[in-house]
Amino acid sequence: MAIKAIPLILCGLSASTANAVKRGLAPEYSVVHTIFSPQQGLTLLPALLSDRPPRHTSSPPQAILLPLGYSDADIMAMRAACQDSHHKVPWLKNDTSVKMPPYGPGYAEVIIERAKRRLGELAEEGKLGREDGLFLY
């Protein structure tokens, strides 16, 4: 019996990296929407987390995965825009204290490995789709 993929929202700046991360998160996780700028996140995330999400979103997202390229101010603004949202989800922010390879070959693979590990921990703790908070990965 196949296990249903956990739906996520992926934020990023590069379509090629976002696509690689999306592919690498499968089959455990399914990216139901990709956001390519903090400005886009300010308008789309509240709708995606509402009790009446857009029709193309079949399952409510269980977490939001954020990139290195979004500033703390960007992330706080997006979280503030979503504070009254129906669905409470963990927001996963890249841990800048952990060394990352330079952008290029291997970069997406490191994001995938770290994100999967942290998402797995949050799933075990029962926090996916249930707890609002900022978590490092």
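The values are calculated or read from the model by the stated rules, or taken from the named source; none is laboratory data. Please read all numbers here as calculations on a predicted model, not as lab measurements. For neighbour counting, all protein chains shown are included, and Cβ atoms are generated from backbone atoms with ideal geometry for every residue, glycine included. SASA here: full protein model, heavy atoms, side chains in, ligands and nucleic acids out. Shrake-Rupley method; radii C 1.70, N 1.55, O 1.52, S 1.80 Å.
Got at least one residue in the stretch 24-42 being closer than 22 Å to residue 83 by Cα, outside any helix (DSSP H, G or I), of a type outside the set (A, V, I, L, M, F, W, C) and touching a residue at least 40 places away in the same chain (Cβ under 8 Å)?
no
Starting from residues that are of a type outside the set (D, E, K, R) and touching a strand residue (DSSP E or B) at 6+ places or on another chain (Cβ under 8 Å), keep the ones in the stretch 98-119 and report whichever is surrounded by the fewest Cβ atoms within 10 Å (Cβ to Cβ).
Only one residue fits best here, namely 115.
Which condition number in (1) without any contact (Cβ under 8 Å) to a residue 60 or more places away in the chain; (2) hydroxyl-bearing (Ser, Thr, Tyr); (3) in contact with a strand residue (DSSP E or B) (Cβ under 7 Å, 6 or more places away or on another chain) is the one that residue 85 fails?
All conditions pass for residue 85, except number (3).
Can you work out which of the residues in the stretch 53-93 that are of a type in the set (S, T, N, Q) and out of contact with any Gly (no Cβ under 7 Å at 6 or more places or on another chain) is modelled with the highest pLDDT?
71
Any residue in the stretch 60-81 that is over 12 Å from residue 11 (Cα atoms) sitting within a Cβ distance under 8 Å of a residue that is in a helix (DSSP H, G or I) and of a type in the set (A, V, I, L, M, F, W, C)? List the pairs, counting only those 6 or more apart or interchain.
61/48; 77/42; 81/42; 81/45
Collect the residues in the stretch 88-119 that are without any contact (Cβ under 8 Å) to a residue 40 or more places away in the chain and not in a loop (DSSP other than H, G, I, E, B), keeping them in residue-number order.
Result: 110, 113, 114, 117, 118.
I need the full set of residues from the stretch 64-87 which are assigned to a helix (DSSP H, G or I) and open to solvent by 30 Å² or more (accessible area, probe 1.4 Å), in order please.
Correct list: 72, 73, 74, 76, 77, 79, 80, 81.
Let me confirm something: among 48, 134, 122, which residue is modelled with pLDDT under 95, of a type in the set (A, V, I, L, M, F, W, C) and on the phi < 0 side of the Ramachandran plot?
Checking each option against the conditions leaves just 48.
Scanning the stretch 120-137 for residues that are in a helix (DSSP H, G or I) and open to solvent by 60 Å² or more (accessible area, probe 1.4 Å), which turns out farthest from residue 16 (Cα to Cα)?
Checking each candidate, the answer is 124.
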